[in-house]
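Notes to accompany the following structure.
The values are calculated or read from the model by the stated rules, or taken from the named source; none is laboratory data. Treat the numbers as computed from the prediction; the structure is a model and nothing was measured. A quick note on method: Cβ atoms are made from the backbone with ideal geometry, for glycine too, and the neighbour counts reach across all protein chains shown. Ligands, DNA and RNA are stripped out before the accessible areas are found, and what is left, the full protein with its side chains, is counted by its heavy atoms. Shrake-Rupley method; radii C 1.70, N 1.55, O 1.52, S 1.80 Å.
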Amino acid sequence: MIESSHDSLFLIDPSGVILKVKDATKHQSYLNSDEMIGKHLRQFLPDNVFQNWWCHIEETIKIRDVVEFEDEEDQKYLHHRIVPLVEEEKVQKLAIFIQEITEPKSYERELLRTSLQLKKTQELSHMGSWDWDKATGILNCSEELHRILGVDETFQPTFENIDALIHPDDREMCIKKREELFRRGGTAEQEFRILRPDGEIIHLKQFIHAFFETNTESVVAFGIIRDLTEISKLARDKSEQKYRDIFENAIEGIYQTTPEGKIINANPAFARIFGFSSPEELMETVKDIQKDLYAHPEDRDEFKRRLELEGKVKNFEVEFYQIDGSSAWLLVNAKVVKDEKGNIKYYEGMVVDITRLKEAEMAVAESEEKYRNIIEQSYNGIVLSDEEGRIVEWNRSMEEITGLPENEVQGKHLSTLILQSLPSTFTDQQIAHLTEDIGKIYHDKEMPSSYKKLEYTFQRPDGRKIFVEALNFPFYSGGRFFMCTIIRDISRQKIAEEMTQDHLQKLTILNKIVHIANNAQNIHDLFKGVLNSTLHLLGFESGSIYLLDEKKEFAELAYHENLPEEFLKTVEKLEVSKDLYHSIYREGKAFYNYLKVRPNLKKFGFKAVAVVPFFSGQKVIGSIHVVSREKTSISSLEMDILETIGMETGTVIAKMYSEAAIRDSLAEKEVLLKEIHHRVKNNMQIISSLLNLQLQHVQEEEARNVLIESQGRVKSMAMINEKLYQSPDLARIKFRDYIQKLVYDILYTYGVKARNIELEMDIDDIELDMETSIPCGLIINELVTNSVKYAFPEGKGTISIQFKGQDELQLIIKDDGIGLPQEVDVEHIETLGLQLVLNLVKQLNGELTINRSQGTEYIIKFKELKYNKRF
C-alpha cells in the first residue's frame, strides 16, 4: 500500500526516528536531504512545524487510530494523515502521508466567498432559495427564505410545512404544479400568496427547475422565491387608479348591487344605458333593480340562482326597462364577492347594450326561418358542413334520400358518413385516396373542379343502394368556411340510362347475330356464325347447338365449339322424353341455372351454363347451349338476349329449311320442264321428218314448195323449244344465237351456197321469253325464206338482218333483190307467207313497215309480250 501511494511518505518509530522515506518525498516536499533514514524528524523540520507534527503523532500513539490535520507551508496547503502500525496492542511504527491540497483549498475559499455574496444578494433582492433531492428527501432552504416565510431557525423545512403557509386559495394550484414538474422534469414559474405566522399576507413569485439524475429515476430540484409584496403594493396603487379611470370612462356599464337588488355602485355608462344622466340619479331613483328595471322579474331570480350556485354568470341576456319606458336588451357578466367568512357582500359585473344586436339577431332569425323553410321544403337533399368537416345542417329530403335522421348525423364528420356509405366494391387504396382528397378540400378550403359535380352510389342503412348526384360548393358566412352539398336522387334516371344502355347493347348484339344469320349461305354457316358470335359478344367460352329430329324424339348435336371430347360423347343425343329435356323441347322452357339440375357438369370445370330453345312460331325446333368457366352467374340482360337469339335463330333455321324445300321442288320442276321442251322439240322434229318423207313422194312443184315451207315453220318452232331447255332458266332464250342458226338452216334447206347469197347480221344481246320468241321466230323464217325464194332470180344477192332495242325492239330484214312488185297490196295480199307475217305482227302488237326501194325492207317494231296466265 505504501509503495503504490502517490503521496509523500515518512515511516518513523514512536520516538520520531525516520525508518523509511518514499522517493517521491524528495521531489514533492521542501526537504532536500537524502540522508534522512536513521535520523530524528526534528533535524529536518522547522520548530513550529515539528511541534505541530509531534502533537498529532503523540495523539495517534495514544488513541491508536488515524489522525489527520492540515497546515500551511510556503503558501502551500498540505494534508497530513498519520496511520499507526499496531502489533501486540502497541504502536510499533507510524506512517505519515503528506498530500498537497493547495488547489482544492482555493476552490473551497472561493465557494465560501461566493456563498456569502449569494446570501447578501438574496437579502438585498428579497429572494430566497431552496434545493431538494428525492433520493435523500432533504429540503435545504436559505436564511433569506426563512425570513420571507416569517419563520425562525426552529422551522423544519419540508414541503408539507411550507404548503401549510400558502394561502388556501393558492395552495392546491401550487402543490399540483410542483408535483407535475417533479414527474416530468423541466422549468416552471408561478405566483402565489402565503399567510405568515404573524398574519401578514405576502405575494411571492417562484421559479423551479427539476431534473432527473443520470442513470437514475431520482429527481433533483431547486427553486428561487422572490418577495413581490412591495412591488404588488405599488402595482395595486397604480391599478386602483387605473381601474378608477377605466371605471369612469368605460363604455360598458359597470355596477355593484346587493343580493336584495340595491345598486351600491355604478359607472356613468351604466346610468346612461338606462337613460339616467348620472350614477347618483340612478341610485337615488332605483330602489330595487328587480322591480324597477327588469322587464321580466323572474329573470332576476334565475340570475341570482346561477350566481349563488356557480359563483359567476357569463353572457346572461336579459331585457330591461329604460327610464322612458322603452325596453333594452343587455348582456350581463357578473360574479359574487364574498367576505373572509364566505358571506356574500355584493354582486359586481358588467353590462353591454345589445339591443341593436338583438334586433339584428331577430332579423337574422326571421331570415334563417325563411331560409330553413326553403331548405326543408326543397326536394333536393341539402347538407352543410363547417371548416372541420362536421355536419351542421341536414334537411328533411336528406333524411328521405339517405335514410339517416338528422339527430344521428348532426356533428359527425361528413367524410366519415361518405366512407361508411361506399359500396363494398371500393378498394382500400380508393378509400385512402378519397379520404386524402376530402381532407385536402377542408384544409385548403378550395373545391377542385373534379369534385364540384359527382355521381356515385350511396348505400342506405336498410341496405338499398341508390344513385345520387352531388353538387358541392364552398362559401363563407360570418368569416367562417362552410361546404354546401346538394344531393339529388337520380336512381330512376340511372336505371333508365342503364336500361337504355342495356337495350342498345342488346340491339347491337342482336343486330350482329341476325346479320350473320341472314347472310349465312347454309345451315352449317348459320350455326357456326350464330354460336361463335353469341359466345364472343356475351363473354362465354364454349357452346353447342341442337336440332330436333323428324320424329322429335331426340335432340341431336348439330354444332359445337370448345367443348371437351369426354363431355361430347355423353351428349350427342338428348332424349326428349326425359324430364329435363321434356321441359326444354316440349314446354319451351329456358334454363339459366342449369348446373343446379345437372351438377355433374361441374367436373368439366363449368361454372355457368344456360340452355335456351329455338322457336319457329310456337314450336321448339332445337336449342342453343352456352358455357363459361369464368362466369359464375348470368345477368338478366344476357338472359333476354339469349331468348331473343333463340327466337330469331329458330325463325332463320325454319326459313332455311323452307327455302331448301322450295329449291328442291324448283329443281324437280325444272327437270320436268326441260323434259317437256325436249319432248316438244322431238315431236316437232318427227313432224319435220314426216314432211321430208312426204316431200320425196310429191312431184308437183307447188305441192313441194308448200311442204318445204311447212317444214321450215315447224323447224323454227322446234328450234325455240330446243333453245329453251338448253337455257339455264328455261324461260328465256338468247335471240342472237337463235337467229343465226335459223337463217343458216333456211339457206341449207333451199340449197343456197354461202358464196351466192351473203348474210349481214347486226343483232344485240337480246333475250326473249317463249311468248314472244315463237311469233318472232316464225316472222324471221317467213321473210328470210321469201327473200331466198323470190328476191334473187339470178341466184346472188345480200340479206341483212338487224335486231336492236331494249324496251322497244326493232327487227329489220332487208334484201337487195328485185323487190315486191308495186301492184302488190300488202293489206290484201293473198300469199300464205305474207298473210302469216301480218297476223304474227298483230299477235306481237307490233307495227310493220315495208320499204320497196333498192330491194325489199321489212321494219317491224314491237315490245316483248307479257306472260299471260292460262290457269
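Per-atom-type breakdown for the stretch 402-513 gives carbon and sulfur 54% of the accessible area (1.4 Å probe, protein chains only). Scaled against the 2.2 N^0.38 Å expected of a compact globular protein of N residues, the Cα radius of gyration of the stretch 230-372 reads 1.18. Spatial offset of the stretch 463-522 relative to the stretch 334-354 amounts to 68 Å, using the alpha carbon center of each.
With viscosity set to 1.306 mPa s and temperature to 10 °C, compute the Stokes-Einstein D of the stretch 149-190, Rh being the Kirkwood radius across alpha carbon pairs; µm²/s, no decimals. Taking Rh from Cα pairs, D becomes 137 µm²/s. Computing FRET efficiency as 1/(1 + (r/R0)^6) for Phe69 and Glu143, where r is the C-beta to C-beta distance and R0 is 41 Å, gives about 0.85. Stokes-Einstein diffusion for the stretch 527-578 at 37 °C, viscosity 0.692 mPa s, with a Kirkwood radius from C-alpha pairs, works out to 277 µm²/s. Length available on full extension from Asp198 to Cys55: 0.36 nm per residue minus the Cα-Cα distance, which gives 46.1 nm.
The protection proxy used here, the mean number of other Cβ atoms lying within 10 Å of each residue, ranks peptides 403-413, 281-291 as follows, highest first: 281-291, 403-413. Counting Lys and Arg as +1 and Asp and Glu as -1 over every other residue whose Cβ lies under 12 Å from the Cβ of Gln806, the net charge comes to -4.
What would the Debye formula give as log10 I(q)/I(0) at q = 0.13, 0.14, 0.19, 0.20 Å⁻¹ for the alpha-carbon point model of the stretch 440-565, no solvent? At q = 0.13, 0.14, 0.19, 0.20 Å⁻¹ the computed log10 ratios are -0.77, -0.82, -1.08, -1.13. Over the chain, all Cα pairs binned in 10 Å intervals from 0 give whole-percent P(r) values of 2, 7, 7, 6, 7, 8, 7, 6, 7, 8, 7, 5, 4, 4, 4, 4, 3, 2, 2, 1, 0, 0, listed from short to long. Report the local net charge at Gly342: Lys and Arg +1, Asp and Glu -1, summed over other residues whose C-beta lies under 15 Å from its C-beta. Spelling it out: positives minus negatives among the neighbours equals 0.
Once C-alpha pairs closer than 8 Å and six or more residues apart are averaged by separation and normalised to the residue number of the chain, the relative contact order reads 4 percent. Site pair Lys655 and Ser577 shows an inter-label distance of 3.6 nm when each label is modelled 7 Å from Cα along Cα→Cβ. When Lys and Arg each count +1 and Asp and Glu each count -1, what net charge do the other residues less than 15 Å away from Asp462, Cβ to Cβ, add up to? In short, -1. Of Leu11, Val351, His536, which is farthest towards the positive pole of the chain's charge dipole, taken about the Cα centre with +1 and -1 on the beta-carbons of Lys, Arg and Asp, Glu respectively? Positive-end residue among those listed: His536. What is the diffusion coefficient of the stretch 301-412 in µm²/s, taking the Kirkwood radius over Cα pairs and the Stokes-Einstein relation at 4 °C with a viscosity of 1.567 mPa s? Answer, rounded: 72 µm²/s. For the set Lys465/Lys494; Lys528/Lys631; Lys741/Lys814; Lys842/Lys866, the pairs lying more than 20 angstrom apart at their alpha carbons are Lys528/Lys631.
Within straight cross-link reach of Lys863, meaning Cα distance under 17 Å, which aspartates and glutamates are found once same-chain residues fewer than 8 apart are removed? Within reach: Asp764, Asp765, Glu767, Asp769, Glu771, Asp807, Glu808, Glu847.
For the chain, build the charge dipole from Cβ charges (+1 Lys, Arg; -1 Asp, Glu) around the Cα centre, then report which of Ile545, Phe276, Phe159 sits farthest towards its positive end. The residue sitting most towards the positive pole is Ile545.
Ordering of 654-660, 466-472 by packing is 466-472, 654-660, highest average first (other Cβ atoms within 10 Å, averaged per residue). Per-atom-type breakdown for the stretch 348-396 gives carbon and sulfur 54% of the accessible area (1.4 Å probe, protein chains only). If R0 equals 30 Å, the separation of the Cβ atoms of Ile490 and Asn315 corresponds to a calculated FRET efficiency of about 0.05.
For the stretch 238-316, the square roots of the Cα gyration tensor eigenvalues, ordered a ≥ b ≥ c, give a/c of at least 1.5 with a/b no greater than b/c, which places it in the oblate category.
With protein chains left intact and a 1.4 Å probe, residues in the chain average 60 Å² of accessible area per residue.
Students often get this wrong, so check it: of Lys287/Lys312; Lys602/Lys655; Lys176/Lys345, which have C-alpha atoms separated by over 25 Å? Cα-Cα > 25 Å for Lys602/Lys655; Lys176/Lys345; rest within. Multiplying the residue separation of Gln618 and Arg184 by 0.36 nm and removing their Cα-Cα distance gives an extension gain of 147.1 nm. Solvent-free Debye calculation, one equal scatterer per alpha-carbon of the stretch 143-231: log10 I(q)/I(0) at 0.12 Å⁻¹ equals -0.38.
Percent of C-alpha pairs per 5 Å bin in the stretch 542-635, short distances first: 3, 14, 26, 27, 19, 9, 2, 0.
Here the chain is assigned +1 on the Cβ of each Lys and Arg and -1 on the Cβ of each Asp and Glu. Its dipole about the Cα centre then comes out at about 3920 debye.
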